[in-house]
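Asker: The structure under discussion is supplied below as C-alpha coordinates; questions concerning it will follow.
The values are calculated or read from the model by the stated rules, or taken from the named source; none is laboratory data. Because the structure is a prediction, the values reported are computed rather than measured. As a convention, Cβ positions derive from the backbone with ideal geometry for all residues, glycine included, and neighbour counts pool all protein chains shown. Each accessible area value is taken on the protein alone, full model and side chains, heavy atoms only, with ligands, DNA and RNA left out. Shrake-Rupley method; radii C 1.70, N 1.55, O 1.52, S 1.80 Å.
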Amino acid sequence: MIEFILNNKHIRTEAKSGMTLLDFVRYQQRLTGTKIGCREGDCAACSALAGTLNSDGGIDYQSITSCISPLGNAQGKHIVTIEGVNLTSKLNVAQEAMKRNYATQCGFCTPGFALSLTGFAFSEKEKSYDNVLAAISGNICRCTGYKSIERAAREVAEELSDIDSDNRISWLVKNRFIPEYFLEIPHKLEKIRRKTKNSRRSLLVSGGTDMYVQRPESLIEEDVFLVAAEQKFKGIRIKQHRCFIGANTTVTEFWNNPHIQKMFPNLDKHLTLVSSEPIRNMASFGGNLVNASPIGDMTIFFLALDSTITLKKEDSERQISLKDFYQGYKTYDLQEGEVLSEISFDVLSPNTSFNFEKVCKRTYLDIASVNTAISIELSNTGTVVNAHVAMGGVSPIPKYLRKTSEYLIGKSLDVLTIALAAELLQEEISPISDVRGTKEYKRLLARQLFTAHFTELFPNKFKLQDFLTHAAS
(Lines give C-alpha, C1' and ligand atoms only; values in the text may rest on other atoms or scores of the structure.)
Protein backbone atom coordinates (compact mmCIF):
# COMPACT_ATOMS: atom_id res chain seq x y z
CA MET A 1 0.00 0.00 0.00
CA ILE A 2 1.36 3.40 -1.05
CA GLU A 3 0.07 6.35 0.93
CA PHE A 4 0.57 10.05 0.25
CA ILE A 5 -1.25 13.34 -0.26
CA LEU A 6 -2.01 14.31 -3.87
CA ASN A 7 -2.89 17.98 -3.91
CA ASN A 8 -5.56 18.04 -1.16
CA LYS A 9 -6.54 14.38 -1.49
CA HIS A 10 -5.40 11.53 0.75
CA ILE A 11 -4.24 8.66 -1.49
CA ARG A 12 -4.01 5.00 -0.45
CA THR A 13 -3.33 2.78 -3.43
CA GLU A 14 -2.25 -0.77 -4.19
CA ALA A 15 -0.88 0.26 -7.58
CA LYS A 16 2.55 -1.12 -8.47
CA SER A 17 5.35 0.89 -6.85
CA GLY A 18 7.25 0.78 -10.16
CA MET A 19 4.45 2.60 -11.98
CA THR A 20 5.40 6.17 -12.91
CA LEU A 21 3.89 8.99 -10.92
CA LEU A 22 2.83 10.59 -14.21
CA ASP A 23 0.73 7.61 -15.27
CA PHE A 24 -0.89 7.34 -11.85
CA VAL A 25 -1.79 11.04 -11.82
CA ARG A 26 -3.20 11.09 -15.36
CA TYR A 27 -4.82 7.68 -15.78
CA GLN A 28 -5.92 6.75 -12.27
CA GLN A 29 -6.64 10.20 -10.88
CA ARG A 30 -7.63 11.87 -14.18
CA LEU A 31 -5.51 14.96 -13.45
CA THR A 32 -4.62 15.64 -17.06
CA GLY A 33 -3.02 19.04 -16.52
CA THR A 34 0.22 17.11 -16.06
CA LYS A 35 1.33 16.47 -19.63
CA ILE A 36 3.06 13.54 -21.30
CA GLY A 37 6.02 14.80 -23.30
CA CYS A 38 9.38 13.13 -23.77
CA ARG A 39 9.04 10.52 -20.98
CA GLU A 40 12.78 10.94 -20.42
CA GLY A 41 12.87 13.87 -17.98
CA ASP A 42 14.03 16.33 -20.63
CA CYS A 43 11.06 18.60 -21.34
CA ALA A 44 9.42 18.98 -17.88
CA ALA A 45 5.88 19.16 -19.31
CA CYS A 46 5.11 16.58 -16.62
CA SER A 47 6.49 18.69 -13.76
CA ALA A 48 5.12 18.18 -10.27
CA LEU A 49 6.17 19.30 -6.82
CA ALA A 50 7.21 16.79 -4.17
CA GLY A 51 6.99 17.95 -0.56
CA THR A 52 8.88 16.04 2.12
CA LEU A 53 8.32 16.47 5.84
CA ASN A 54 11.52 17.72 7.49
CA SER A 55 12.82 17.37 11.05
CA ASP A 56 11.42 20.78 12.03
CA GLY A 57 7.87 19.76 11.16
CA GLY A 58 7.81 21.82 7.98
CA ILE A 59 7.82 20.65 4.39
CA ASP A 60 10.58 20.99 1.81
CA TYR A 61 9.19 21.24 -1.73
CA GLN A 62 11.15 20.46 -4.89
CA SER A 63 10.22 20.24 -8.55
CA ILE A 64 10.43 16.79 -10.13
CA THR A 65 9.72 15.23 -13.52
CA SER A 66 6.89 12.79 -12.84
CA CYS A 67 7.47 10.80 -16.05
CA ILE A 68 10.57 9.12 -14.62
CA SER A 69 9.62 9.16 -10.93
CA PRO A 70 8.46 5.84 -9.46
CA LEU A 71 5.06 6.06 -7.78
CA GLY A 72 6.56 4.38 -4.73
CA ASN A 73 8.83 7.36 -4.14
CA ALA A 74 5.68 9.42 -3.41
CA GLN A 75 5.20 7.45 -0.19
CA GLY A 76 4.66 9.82 2.73
CA LYS A 77 5.01 12.94 0.59
CA HIS A 78 2.85 15.78 -0.65
CA ILE A 79 2.64 15.58 -4.43
CA VAL A 80 1.36 18.73 -6.13
CA THR A 81 0.18 18.93 -9.74
CA ILE A 82 -0.98 22.02 -11.59
CA GLU A 83 -4.51 21.39 -10.32
CA GLY A 84 -3.17 21.59 -6.77
CA VAL A 85 -1.95 25.17 -7.07
CA ASN A 86 -5.15 26.54 -8.58
CA LEU A 87 -6.83 29.15 -6.41
CA THR A 88 -10.60 29.12 -5.89
CA SER A 89 -11.55 32.15 -7.97
CA LYS A 90 -8.43 33.39 -9.76
CA LEU A 91 -5.08 32.37 -11.17
CA ASN A 92 -2.12 32.13 -8.82
CA VAL A 93 0.82 34.50 -9.20
CA ALA A 94 2.84 32.23 -11.52
CA GLN A 95 -0.16 31.49 -13.73
CA GLU A 96 -1.13 35.17 -13.89
CA ALA A 97 2.43 36.18 -14.83
CA MET A 98 2.42 33.65 -17.69
CA LYS A 99 -0.94 34.99 -18.91
CA ARG A 100 -0.07 38.68 -18.58
CA ASN A 101 3.16 38.28 -20.58
CA TYR A 102 1.56 36.17 -23.32
CA ALA A 103 3.98 33.41 -22.38
CA THR A 104 1.91 30.60 -23.84
CA GLN A 105 0.61 29.54 -27.24
CA CYS A 106 -0.45 25.91 -27.54
CA GLY A 107 -0.30 25.67 -23.74
CA PHE A 108 1.18 22.18 -23.60
CA CYS A 109 4.26 23.25 -21.64
CA THR A 110 2.51 25.90 -19.55
CA PRO A 111 1.54 23.70 -16.56
CA GLY A 112 5.16 22.63 -16.19
CA PHE A 113 6.44 26.19 -16.25
CA ALA A 114 3.80 27.30 -13.75
CA LEU A 115 4.72 24.42 -11.41
CA SER A 116 8.45 25.17 -11.63
CA LEU A 117 7.85 28.87 -10.94
CA THR A 118 5.64 27.96 -7.97
CA GLY A 119 8.35 25.56 -6.79
CA PHE A 120 10.83 28.45 -6.88
CA ALA A 121 8.58 30.28 -4.42
CA PHE A 122 9.19 27.49 -1.87
CA SER A 123 12.98 27.47 -2.24
CA GLU A 124 15.31 29.26 0.13
CA LYS A 125 17.42 30.62 -2.71
CA GLU A 126 17.74 34.34 -3.21
CA LYS A 127 14.79 35.54 -5.29
CA SER A 128 16.98 36.86 -8.08
CA TYR A 129 16.40 36.83 -11.81
CA ASP A 130 19.25 34.37 -12.37
CA ASN A 131 17.87 31.97 -9.77
CA VAL A 132 14.32 32.05 -11.12
CA LEU A 133 15.66 31.30 -14.61
CA ALA A 134 17.60 28.37 -13.12
CA ALA A 135 14.33 27.09 -11.62
CA ILE A 136 12.81 26.74 -15.11
CA SER A 137 16.03 25.60 -16.77
CA GLY A 138 14.64 22.10 -17.28
CA ASN A 139 11.39 23.27 -18.88
CA ILE A 140 11.22 23.33 -22.67
CA CYS A 141 8.78 25.32 -24.82
CA ARG A 142 8.54 24.51 -28.51
CA CYS A 143 6.38 27.35 -29.83
CA THR A 144 6.16 30.49 -27.69
CA GLY A 145 9.70 31.83 -27.54
CA TYR A 146 11.48 32.20 -24.27
CA LYS A 147 11.58 35.99 -23.86
CA SER A 148 7.94 36.20 -22.85
CA ILE A 149 8.46 33.30 -20.41
CA GLU A 150 11.55 35.01 -19.02
CA ARG A 151 9.54 38.19 -18.47
CA ALA A 152 6.94 36.17 -16.58
CA ALA A 153 9.69 34.59 -14.48
CA ARG A 154 11.11 38.01 -13.65
CA GLU A 155 7.69 39.15 -12.42
CA VAL A 156 7.43 36.09 -10.17
CA ALA A 157 10.85 36.82 -8.68
CA GLU A 158 9.85 40.44 -8.06
CA GLU A 159 6.63 39.33 -6.35
CA LEU A 160 8.75 37.17 -4.04
CA SER A 161 11.22 39.90 -3.10
CA ASP A 162 9.49 40.58 0.25
CA ILE A 163 8.75 36.96 1.20
CA ASP A 164 8.67 36.19 4.92
CA SER A 165 11.18 33.35 5.15
CA ASP A 166 10.18 32.50 8.72
CA ASN A 167 6.53 31.98 7.74
CA ARG A 168 6.97 30.96 4.13
CA ILE A 169 3.82 28.86 3.62
CA SER A 170 1.53 31.37 5.33
CA TRP A 171 3.05 34.18 3.28
CA LEU A 172 2.63 32.26 0.02
CA VAL A 173 -1.02 31.53 0.84
CA LYS A 174 -1.69 35.16 1.74
CA ASN A 175 -0.01 36.43 -1.42
CA ARG A 176 -1.86 34.13 -3.85
CA PHE A 177 0.95 31.73 -4.74
CA ILE A 178 -0.75 28.61 -3.31
CA PRO A 179 -4.17 27.62 -1.93
CA GLU A 180 -4.98 27.65 1.77
CA TYR A 181 -5.06 23.86 2.12
CA PHE A 182 -1.23 23.84 2.11
CA LEU A 183 -1.37 25.00 5.76
CA GLU A 184 -2.80 21.62 6.82
CA ILE A 185 -0.41 19.38 4.88
CA PRO A 186 2.34 19.02 7.57
CA HIS A 187 -0.22 17.61 10.02
CA LYS A 188 -1.55 15.18 7.42
CA LEU A 189 1.92 13.97 6.42
CA GLU A 190 2.91 13.42 10.03
CA LYS A 191 0.10 10.89 10.36
CA ILE A 192 1.30 9.03 7.26
CA ARG A 193 4.95 9.04 8.33
CA ARG A 194 4.16 7.04 11.45
CA LYS A 195 2.86 4.21 9.27
CA THR A 196 5.50 4.28 6.51
CA LYS A 197 7.33 1.00 5.87
CA ASN A 198 9.41 -0.20 2.94
CA SER A 199 9.40 -3.93 2.21
CA ARG A 200 12.42 -5.48 0.48
CA ARG A 201 11.98 -6.73 -3.08
CA SER A 202 14.42 -7.96 -5.67
CA LEU A 203 14.78 -4.95 -8.00
CA LEU A 204 16.42 -1.89 -6.47
CA VAL A 205 15.63 1.60 -7.77
CA SER A 206 16.73 4.92 -6.32
CA GLY A 207 15.71 8.16 -8.05
CA GLY A 208 14.89 6.26 -11.23
CA THR A 209 16.07 9.06 -13.51
CA ASP A 210 18.07 6.72 -15.73
CA MET A 211 16.32 3.37 -15.27
CA TYR A 212 12.97 4.87 -16.25
CA VAL A 213 14.53 6.07 -19.49
CA GLN A 214 16.18 2.73 -20.23
CA ARG A 215 13.41 0.26 -19.32
CA PRO A 216 10.11 1.99 -18.45
CA GLU A 217 7.84 -0.73 -19.84
CA SER A 218 9.14 -3.43 -17.52
CA LEU A 219 9.46 -1.24 -14.42
CA ILE A 220 5.85 -0.05 -14.41
CA GLU A 221 4.68 -3.60 -13.84
CA GLU A 222 6.98 -4.29 -10.89
CA ASP A 223 6.88 -3.76 -7.15
CA VAL A 224 10.39 -2.35 -6.98
CA PHE A 225 12.38 -1.82 -3.81
CA LEU A 226 12.91 1.93 -3.64
CA VAL A 227 16.16 2.63 -1.84
CA ALA A 228 15.53 6.38 -2.02
CA ALA A 229 13.36 5.87 1.07
CA GLU A 230 16.32 4.48 3.03
CA GLN A 231 17.38 7.40 5.23
CA LYS A 232 20.43 5.49 6.50
CA PHE A 233 21.96 6.04 3.06
CA LYS A 234 21.32 9.79 3.16
CA GLY A 235 23.37 12.76 4.30
CA ILE A 236 26.78 14.43 4.14
CA ARG A 237 29.24 14.47 7.03
CA ILE A 238 32.84 15.49 7.61
CA LYS A 239 34.89 13.34 9.97
CA GLN A 240 38.65 13.41 10.53
CA HIS A 241 39.41 15.34 7.33
CA ARG A 242 37.29 13.02 5.22
CA CYS A 243 33.94 13.68 3.56
CA PHE A 244 31.29 10.93 3.63
CA ILE A 245 28.25 11.10 1.34
CA GLY A 246 25.30 8.72 1.56
CA ALA A 247 24.51 7.01 -1.73
CA ASN A 248 20.92 8.35 -1.65
CA THR A 249 22.14 11.94 -1.49
CA THR A 250 21.05 14.00 -4.49
CA VAL A 251 23.02 16.51 -6.53
CA THR A 252 20.83 19.29 -5.13
CA GLU A 253 21.60 18.25 -1.54
CA PHE A 254 25.30 18.10 -2.38
CA TRP A 255 25.11 21.54 -4.04
CA ASN A 256 23.33 23.15 -1.08
CA ASN A 257 25.61 21.73 1.62
CA PRO A 258 27.72 24.52 3.20
CA HIS A 259 30.74 22.25 3.74
CA ILE A 260 30.72 21.23 0.08
CA GLN A 261 30.28 24.81 -1.10
CA LYS A 262 33.29 25.86 0.95
CA MET A 263 35.38 22.99 -0.37
CA PHE A 264 34.50 23.67 -4.02
CA PRO A 265 34.39 27.46 -4.63
CA ASN A 266 33.28 26.98 -8.26
CA LEU A 267 30.59 24.44 -7.42
CA ASP A 268 27.80 26.52 -8.98
CA LYS A 269 29.66 26.64 -12.27
CA HIS A 270 30.39 22.91 -12.23
CA LEU A 271 26.93 21.63 -11.27
CA THR A 272 25.03 23.97 -13.56
CA LEU A 273 26.46 21.74 -16.31
CA VAL A 274 24.90 18.66 -14.70
CA SER A 275 21.35 17.97 -15.90
CA SER A 276 18.42 20.22 -14.94
CA GLU A 277 17.04 21.27 -11.57
CA PRO A 278 14.22 18.66 -11.43
CA ILE A 279 16.66 15.85 -12.26
CA ARG A 280 19.22 17.16 -9.76
CA ASN A 281 16.43 17.06 -7.17
CA MET A 282 15.73 13.38 -7.88
CA ALA A 283 18.89 11.63 -9.03
CA SER A 284 21.07 9.94 -6.39
CA PHE A 285 24.84 9.56 -6.43
CA GLY A 286 24.59 5.83 -5.82
CA GLY A 287 22.35 5.42 -8.85
CA ASN A 288 24.71 7.54 -10.92
CA LEU A 289 27.73 5.43 -10.01
CA VAL A 290 26.14 2.00 -10.50
CA ASN A 291 24.58 3.11 -13.75
CA ALA A 292 28.20 2.91 -14.93
CA SER A 293 27.70 5.29 -17.83
CA PRO A 294 31.03 6.11 -19.51
CA ILE A 295 29.95 9.78 -19.51
CA GLY A 296 28.29 10.07 -16.09
CA ASP A 297 29.06 13.61 -14.92
CA MET A 298 29.18 12.95 -11.18
CA THR A 299 31.07 9.69 -11.68
CA ILE A 300 33.86 11.66 -13.34
CA PHE A 301 33.60 14.27 -10.56
CA PHE A 302 34.14 11.66 -7.83
CA LEU A 303 36.84 9.77 -9.74
CA ALA A 304 38.92 12.95 -9.79
CA LEU A 305 38.62 13.08 -6.00
CA ASP A 306 40.11 9.57 -5.75
CA SER A 307 36.93 8.50 -3.97
CA THR A 308 36.29 5.29 -2.08
CA ILE A 309 32.90 3.56 -2.12
CA THR A 310 31.34 1.40 0.58
CA LEU A 311 29.44 -1.71 -0.50
CA LYS A 312 27.04 -3.23 2.05
CA LYS A 313 25.67 -6.75 2.16
CA GLU A 314 23.38 -7.59 5.08
CA ASP A 315 25.69 -7.25 8.13
CA SER A 316 29.00 -7.01 6.25
CA GLU A 317 30.60 -4.29 4.18
CA ARG A 318 33.72 -3.60 2.16
CA GLN A 319 35.45 -0.53 0.76
CA ILE A 320 37.04 -0.28 -2.67
CA SER A 321 38.48 2.57 -4.66
CA LEU A 322 36.00 3.96 -7.18
CA LYS A 323 38.67 3.78 -9.89
CA ASP A 324 38.81 0.00 -9.37
CA PHE A 325 35.03 -0.45 -9.40
CA TYR A 326 34.50 -0.38 -13.17
CA GLN A 327 35.59 -3.50 -15.06
CA GLY A 328 34.07 -3.06 -18.53
CA TYR A 329 31.16 -1.44 -20.30
CA LYS A 330 28.29 -1.38 -17.79
CA THR A 331 30.03 -3.97 -15.61
CA TYR A 332 31.52 -3.42 -12.18
CA ASP A 333 32.68 -5.07 -8.98
CA LEU A 334 29.33 -5.48 -7.21
CA GLN A 335 28.61 -8.85 -5.66
CA GLU A 336 25.22 -10.51 -5.32
CA GLY A 337 23.18 -8.80 -2.61
CA GLU A 338 25.50 -5.79 -2.27
CA VAL A 339 24.28 -2.19 -2.25
CA LEU A 340 26.46 0.88 -2.73
CA SER A 341 25.84 2.75 0.53
CA GLU A 342 28.43 5.55 0.76
CA ILE A 343 31.02 7.56 -1.14
CA SER A 344 33.97 9.17 0.62
CA PHE A 345 37.01 11.27 -0.24
CA ASP A 346 39.64 13.32 1.54
CA VAL A 347 38.65 16.89 2.31
CA LEU A 348 40.57 19.09 -0.12
CA SER A 349 43.60 20.79 1.41
CA PRO A 350 44.20 24.54 0.98
CA ASN A 351 46.83 23.70 -1.66
CA THR A 352 44.48 21.48 -3.68
CA SER A 353 42.55 22.84 -6.66
CA PHE A 354 39.60 21.16 -8.39
CA ASN A 355 38.00 21.72 -11.78
CA PHE A 356 35.27 20.13 -13.91
CA GLU A 357 34.80 20.68 -17.64
CA LYS A 358 32.17 19.39 -20.06
CA VAL A 359 31.38 19.77 -23.75
CA CYS A 360 28.12 18.64 -25.35
CA LYS A 361 25.95 19.61 -28.29
CA ARG A 362 23.98 22.00 -26.08
CA THR A 363 25.70 24.01 -23.37
CA TYR A 364 23.18 22.88 -20.75
CA LEU A 365 20.74 20.01 -20.21
CA ASP A 366 22.63 17.59 -22.40
CA ILE A 367 24.73 14.46 -22.24
CA ALA A 368 28.45 15.06 -22.56
CA SER A 369 30.47 14.36 -25.64
CA VAL A 370 33.49 14.51 -23.34
CA ASN A 371 33.65 15.50 -19.68
CA THR A 372 36.63 15.65 -17.36
CA ALA A 373 37.66 16.60 -13.83
CA ILE A 374 40.95 17.09 -12.03
CA SER A 375 42.14 17.58 -8.48
CA ILE A 376 45.73 18.73 -8.16
CA GLU A 377 47.75 19.55 -5.04
CA LEU A 378 50.82 21.76 -5.23
CA SER A 379 53.64 22.24 -2.74
CA ASN A 380 54.66 25.72 -1.61
CA THR A 381 57.32 25.66 -4.33
CA GLY A 382 54.80 24.82 -7.08
CA THR A 383 55.66 21.13 -7.44
CA VAL A 384 52.76 18.72 -7.96
CA VAL A 385 52.31 16.69 -4.78
CA ASN A 386 49.23 14.79 -5.89
CA ALA A 387 47.04 14.66 -9.00
CA HIS A 388 43.91 12.79 -10.06
CA VAL A 389 42.51 13.17 -13.58
CA ALA A 390 39.30 11.54 -14.85
CA MET A 391 37.57 11.71 -18.21
CA GLY A 392 34.29 10.50 -19.70
CA GLY A 393 33.26 9.78 -23.28
CA VAL A 394 36.68 8.44 -24.21
CA SER A 395 36.49 4.84 -23.01
CA PRO A 396 33.96 2.03 -22.41
CA ILE A 397 34.09 2.96 -18.71
CA PRO A 398 34.30 6.21 -16.75
CA LYS A 399 38.04 6.61 -17.13
CA TYR A 400 40.48 7.36 -14.33
CA LEU A 401 43.68 8.39 -16.12
CA ARG A 402 46.25 6.56 -14.03
CA LYS A 403 49.34 7.18 -16.14
CA THR A 404 48.55 10.83 -16.73
CA SER A 405 47.88 11.40 -13.04
CA GLU A 406 51.07 9.63 -11.98
CA TYR A 407 53.14 11.51 -14.58
CA LEU A 408 52.20 14.89 -13.13
CA ILE A 409 53.31 14.01 -9.59
CA GLY A 410 56.69 15.45 -8.71
CA LYS A 411 56.76 17.77 -11.72
CA SER A 412 56.86 21.54 -11.75
CA LEU A 413 53.87 22.85 -13.63
CA ASP A 414 54.83 24.47 -16.92
CA VAL A 415 53.61 24.38 -20.50
CA LEU A 416 55.96 21.55 -21.50
CA THR A 417 54.91 19.32 -18.57
CA ILE A 418 51.23 19.81 -19.37
CA ALA A 419 51.81 19.22 -23.09
CA LEU A 420 53.66 15.96 -22.41
CA ALA A 421 50.92 14.88 -20.00
CA ALA A 422 48.35 15.61 -22.71
CA GLU A 423 50.26 13.32 -25.09
CA LEU A 424 50.28 10.56 -22.48
CA LEU A 425 46.55 11.09 -21.99
CA GLN A 426 46.00 10.27 -25.67
CA GLU A 427 47.61 6.88 -25.12
CA GLU A 428 45.21 6.09 -22.26
CA ILE A 429 41.94 6.88 -24.02
CA SER A 430 40.11 4.94 -26.72
CA PRO A 431 37.10 6.96 -27.91
CA ILE A 432 34.70 5.69 -30.55
CA SER A 433 32.62 7.54 -33.11
CA ASP A 434 28.93 7.83 -32.18
CA VAL A 435 26.05 10.33 -32.21
CA ARG A 436 27.99 12.65 -29.91
CA GLY A 437 31.00 13.00 -32.19
CA THR A 438 33.72 11.21 -34.08
CA LYS A 439 36.61 9.59 -32.27
CA GLU A 440 38.95 12.23 -33.75
CA TYR A 441 36.73 15.01 -32.40
CA LYS A 442 36.68 13.43 -28.95
CA ARG A 443 40.48 13.16 -28.92
CA LEU A 444 40.66 16.85 -29.77
CA LEU A 445 38.18 17.66 -26.98
CA ALA A 446 40.17 15.53 -24.53
CA ARG A 447 43.33 17.52 -25.21
CA GLN A 448 41.60 20.88 -25.11
CA LEU A 449 39.64 20.18 -21.94
CA PHE A 450 42.73 18.82 -20.19
CA THR A 451 44.54 22.06 -21.07
CA ALA A 452 41.50 24.05 -19.93
CA HIS A 453 41.93 22.69 -16.41
CA PHE A 454 45.20 24.57 -16.06
CA THR A 455 44.14 27.81 -17.71
CA GLU A 456 41.07 27.78 -15.46
CA LEU A 457 42.85 26.89 -12.21
CA PHE A 458 46.02 28.94 -12.74
CA PRO A 459 45.01 31.90 -14.93
CA ASN A 460 47.94 34.01 -13.79
CA LYS A 461 50.40 31.35 -14.88
CA PHE A 462 48.87 29.84 -18.04
CA LYS A 463 47.13 31.35 -21.03
CA LEU A 464 45.61 29.47 -23.93
CA GLN A 465 48.00 31.24 -26.26
CA ASP A 466 50.94 29.62 -24.43
CA PHE A 467 49.72 26.17 -25.43
CA LEU A 468 48.90 27.22 -28.97
CA THR A 469 52.41 28.63 -29.37
CA HIS A 470 53.94 25.45 -27.97
CA ALA A 471 51.86 23.27 -30.33
CA ALA A 472 52.88 25.39 -33.31
CA SER A 473 56.55 25.05 -32.43
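Asker: Relative to a virtual label point 7 Å from the Cα of Arg242 in the Cα→beta-carbon direction, which members of segment 325-369 show backbone nitrogen distances below 13 Å?
Answerer: Once the point is set 7 Å along Cα→Cβ of Arg242, 342-347 turn out to lie under 13 Å by backbone N, inside segment 325-369.
Asker: For a paramagnetic label modelled at 7 Å from the Cα of Asn351 toward its Cβ, which residues of segment 405-441 fall within the zone defined by backbone nitrogen distances under 19 Å?
Answerer: Answer for segment 405-441: 405-414.
Asker: Keeping every protein chain in place, order Arg142, Arg436 by accessible area at 1.4 Å, biggest value first, i.e. largest first.
Answerer: The ranking, largest first, comes out as Arg142, Arg436.
Asker: In nm, give the distance between the simple-model label positions of Arg362 and Gln448, each being 7 Å from the Cα along the Cα-to-Cβ direction.
Answerer: 2.0
Asker: How large is the accessible surface per residue of the chain, computed with a 1.4 Å probe and reported in Å² as a whole number?
Answerer: Here the residues of the chain average 46 Å² of exposed surface.
Asker: Compare Asp315, Asp366, Asp414, Asp130 by solvent-accessible area with a 1.4 Å probe and give them largest first, with all protein chains kept in place.
Answerer: Result of the area sort, largest leading: Asp315, Asp130, Asp414, Asp366.
Asker: Here's a follow-up. R0 = 56 Å: FRET efficiency of Leu183 with Glu427, Cβ-based, nearest 0.05?
Answerer: Using R0 = 56 Å, I get an efficiency of 0.35.
Asker: Okay, next question. Nearest 500 deg cm²/dmol is fine: what mean residue ellipticity at 222 nm does the chain get from its DSSP H runs of n ≥ 4 alone, each adding -39,500 (n - 2.57), divided by its residue count?
Answerer: Roughly -9000 deg cm²/dmol at 222 nm, from the helical runs in the chain.
Asker: Another one. Of the GluC sites (Glu not before Pro) in segment 104-173, which ones lie in a loop per DSSP and count no more than 14 other C-beta atoms within 10 Å?
Answerer: Passing sites in segment 104-173 are Glu124, Glu126.
Asker: Let me make sure I get this right: for the chain, a, b and c are the square roots of the gyration tensor eigenvalues over alpha carbons, sorted descending. Under 1.5 in a/c it's rounded, otherwise prolate if a/b > b/c, else oblate. Which is it?
Answerer: Prolate, since a/c reaches 1.5 and a/b exceeds b/c.
Asker: Just to make sure I understand: if all protein chains stay in place, what is the order of Tyr329, Tyr102, Tyr61 by accessible area at 1.4 Å, largest first?
Answerer: My answer, sorted largest first, is Tyr102, Tyr329, Tyr61.
Asker: How about Lys9: which lysines have a C-alpha closer than 16 Å to its C-alpha, ignoring those fewer than 8 places off in the same chain?
Answerer: Lys77, Lys188, Lys191
Asker: Separate question: At 7 Å along the Cα-to-beta-carbon direction for both Gln214 and Arg402, put a label point, then send me their distance in nm to one decimal.
Answerer: Label-label distance for Gln214 and Arg402, simple model: 2.5 nm.
Asker: Right, here's the next one. Net charge near Leu133, counting Lys/Arg +1 and Asp/Glu -1 over other residues with Cβ under 14 Å of its Cβ?
Answerer: Once positives and negatives cancel, what remains is -2.
Asker: Sequence neighbours fewer than 8 away in the same chain don't count; with that in mind, list the aspartates and glutamates whose C-alpha is under 17 Å from Lys442.
Answerer: Straight-line reach from Lys442, under 17 Å: Asp297, Glu357, Asp366, Glu423, Glu427, Glu428, Asp434.
Asker: Taking 0.36 nm per residue of sequence separation and subtracting the Cα-Cα distance, how much length would be gained by fully extending the chain between Leu91 and Gln335, in nm to one decimal?
Answerer: Between Leu91 and Gln335, full extension yields an extra 82.5 nm.
Asker: Where in segment 312-344 are there GluC sites (Glu not before Pro) that are in a DSSP coil and have at most 10 other Cβ atoms within 10 angstrom of their Cβ?
Answerer: Glu314, Glu336
Asker: Full-extension gain between Phe458 and Asn175, please, as 0.36 nm times their residue separation minus the C-alpha to C-alpha distance.
Answerer: Value of the extension gain: 97.1 nm.
Asker: Provide the per-residue ³J(HN,Hα) series for segment 188-193, in order, calculated from phi with Karplus coefficients 6.51, -1.76, 1.60 and θ = phi - 60°, each as a whole number of Hz, with x at glycine and proline positions.
Answerer: Once θ is set to phi - 60°, the couplings for segment 188-193 become 5, 5, 4, 5, 5, 4 Hz.
Asker: If you take the beta carbon distance between Arg30 and Val385 as r and set R0 to 56 Å, what does 1/(1 + (r/R0)^6) give as a FRET efficiency, to the nearest 0.05?
Answerer: 0.35
Asker: While we're looking at this one, here's another question. For Thr20, enumerate residues with amide H under 5 Å from its amide H, sequence gap 5+ or separate chain, H modeled in the peptide plane.
Answerer: Leu71
Asker: Right, next: Take peptides 2-14, 75-87 and line them up by average Cβ neighbours within 10 Å, highest first, as a rough protection proxy.
Answerer: Going by the mean number of other Cβ atoms within 10 Å, highest first, we get 75-87, 2-14.
Asker: Here is a follow-up. Leaving ligands, DNA and RNA out of it, report the carbon-plus-sulfur percent of the accessible area of the chain at a 1.4 Å probe.
Answerer: Roughly 48 percent, rounded to a whole number.
Asker: Next question. Which residues' amide hydrogens lie under 5 Å from the amide hydrogen of Glu317, considering only partners 5 or more residues apart or on another chain, with H built in the peptide plane?
Answerer: none
Asker: Given the Cα-Cα distance of Lys191 and Ser128 and 0.36 nm per residue of separation, how much length would full extension add, in nm?
Answerer: Result for the pair: 19.1 nm of gain on full extension.
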